Amino acid sequence: MLYSNELFRQAREIIDARRMEAEARVNEHMRAFAQQEPRYTALKQEMIDSVQEALKSVNMMPEEAQKHLIKQRDRNLRAQRDVRALLAEHGLPEDYLKTRYTCEKCMDTGSVGTEPCACFTEVLQKLAFDEANKNSPLRFSTFEDFRLDYYSDEYDDTFKCSPRQRMQEILDYCKEYAAHFDTDQPSLLLTGETGLGKTHLSLAIAGCAIRRGYKVLYNSAQNIFSGLQKEYFSKGENRGQFESLVLECDLLILDDLGAEFSTTFTDAALYNVINTRMNMRLPTIISTNLLLPDMEERYSRRISSRLIGEYVCLRFAGADVRQQKTDE
Ligand SMILES: [Zn+2]
């Protein structure tokens, strides 16, 4: 994954702030405790002295140095033990005077040796996803606020059941999909006319996946293609950052496919996204107003055959729910 220097800078800032906060917190504890308990100041000095004294061993003969070090170590341990006893006397926890870092592994420095720590990469990824998702026009929807009563319960010959029944099945499927979401899940193609809840359900899935810690990118196909195109023709230092997110995120949601302005670029980009993610076995959810025959007409055969052959197709039923809500 490629990240811009700006994201690196922001991630650095977050990690530094964590460390400074942890250190400020412990300094405040030390100050307060010294005020409360005068014996603590002396013990603290004892610990500092023992460390300074231990350093003198570098100028000693090996045998003498060894003895000296053991003596100073014991002196230090004794002082530490006395401090713990004092803390207990005051009813304070044993680690009250210890720096509590968000990440103990790197002590909030962001690196372990010369390698970036996992906590740093995590912050970086989170920033990249927030940035990529910030232009998404839609807030998260939930399964709970998906209303089936907008769908007719009259028999519909296309579905061999009522739209409400059909939507109940789709809702159950999506809930199940979201509850057990992992990257082994199949890709979904949500088709049907405008206003039948395709975006609602895909965003409900996105919300669940994000809560479970997966990296999700959701946006309209139009925005994704323009993002890719802008990046493709730019010479910026972060070229490739957005493309990596689109191709490598745990779940990609491409909303309203077919509404984009179609060009040779969008066609190539769409194929690349579908194909690469499929080869990496990463799920994608595509919603579209196009039905399968329109799909074959609109996109090249290599795209439509992959979508039809490899995606689980859920055809939404009913009449425009958004229109019904406005009419209420
Ligand atoms: Zn760390």
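Brief remarks on what is shown
- Summed residue charge, Cβ within 15 Å of residue 295's Cβ, Lys/Arg positive, Asp/Glu negative: -2
- Neighbour-limited loop hits for GluC sites (Glu not before Pro), region 20-104 (at most 14 other Cβ within 10 Å; DSSP other than H, G, I, E, B): 94, 104
- Taking 216, 26 and counting other C-beta atoms within 10 Å, the order from fewest to most: 26, 216
- Options 42, 55, 65, ranked by Cα towards positive dipole end of region 1-66, top entry (Cβ charges): 42
- For the chain, the relative contact order works out to 20 percent when only alpha carbon pairs closer than 8 Å and six or more residues apart are counted.
- Largest GNM mean-square fluctuation across 118, 54, 22, computed for the chain with C-alpha springs under 10 Å, falls on 54.
- Percentage of interatomic Cα-Cα distances in region 73-119 larger than 15 Å: 59
- Sequence-distant lysines (8 or more away, or on other chains) whose Cα lies within less than 23 Å of residue 56: 44, 67, 71
- Length-normalised contact order for region 177-247 - Cα pairs under 8 Å, 6+ apart - percent: 24
- Since only 87, 125, 112 are under comparison, the one whose Cα sits farthest along the positive direction of the charge dipole of region 43-131, derived from C-beta charges on Lys, Arg, Asp and Glu, is 87.
- Lys, Arg +1 and Asp, Glu -1 on Cβ, resulting dipole of region 215-328 about Cα centre, debye, nearest 20: 360
- C-alpha long axis of helix 118-133 to longest principal axis of the chain, angle in °: 30
- Near residue 31, once Lys and Arg are set to +1 and Asp and Glu to -1 for all other residues with Cβ below 12 Å from its Cβ, the sum equals 0.
- Region 160-235: trypsin sites (Lys or Arg not before Pro) in DSSP coil with no more than 16 other Cβ atoms inside 10 Å: 160, 212, 235
- Residues with amide H under 5 Å from that of residue 290, placed H, sequence gap 5 or more: 192
- Under 5 Å between amide hydrogens, built in the peptide plane, is the criterion, and for residue 285 it picks out 188, 252, 253, 254 among residues at least 5 positions away or on other chains.
- For region 81-97, 3J(HN,Hα) per residue [Karplus equation, 6.51 cos²θ - 1.76 cosθ + 1.60, θ = phi - 60°, Hz, x = Gly/Pro]: 5, 5, 5, 4, 5, 4, 4, 4, 4, 8, x, 9, x, 4, 9, 4, 9
- Springs between Cα atoms under 10 Å define the GNM used for the chain, and in it the highest mean-square fluctuation of 133, 59, 279 occurs at 59.
- With the biggest extent put first, the Cα atoms of region 1-74 measure 54, 39, 15 Å across the principal axes.
- At most 13 other Cβ within 10 Å, DSSP loop - trypsin sites (Lys or Arg not before Pro), region 256-328: 281
- Kirkwood-based shape ratio for the chain, expressed as Rg/Rh from alpha carbons: 1.21
- Dimensionless Rg ratio for region 178-328, taking C-alpha atoms and the 2.2 N^0.38 Å reference: 1.04
- Label point 7 Å beyond Cα of residue 51 along Cβ direction - residues of region 72-104 with amide nitrogen under 17 Å: 72-84, 96-101
- D_trans [Stokes-Einstein, Kirkwood Rh over alpha-carbon pairs] for region 1-135, 10 °C, 1.306 mPa s, µm² s⁻¹: 88
- Candidates 266, 114, 158: whichever shows maximal mean-square fluctuation once the chain is modelled as a Gaussian network with Cα springs under 10 Å: 114
- A Cβ-based charge dipole, computed about the Cα centre of the chain with Lys and Arg at +1 and Asp and Glu at -1, lands at about 1120 debye.
- The stretch between residue 324 and residue 107, if pulled fully straight at 0.36 nm per residue, gains 72.6 nm over its current Cα-Cα span.
- Cβ-based net charge around residue 191, under 12 Å, with every Lys or Arg adding one and every Asp or Glu removing one: -1
- DSSP-defined antiparallel bridges as percent of all bridges, the chain, nearest 5: 15
Values quoted throughout were computed directly from the atomic coordinates according to the rules given, and no laboratory measurement underlies them. Computed from a predicted structure; not experimentally measured. Glycine gets a Cβ as well: all are built from the backbone with ideal geometry, and neighbour counts include every protein chain shown.
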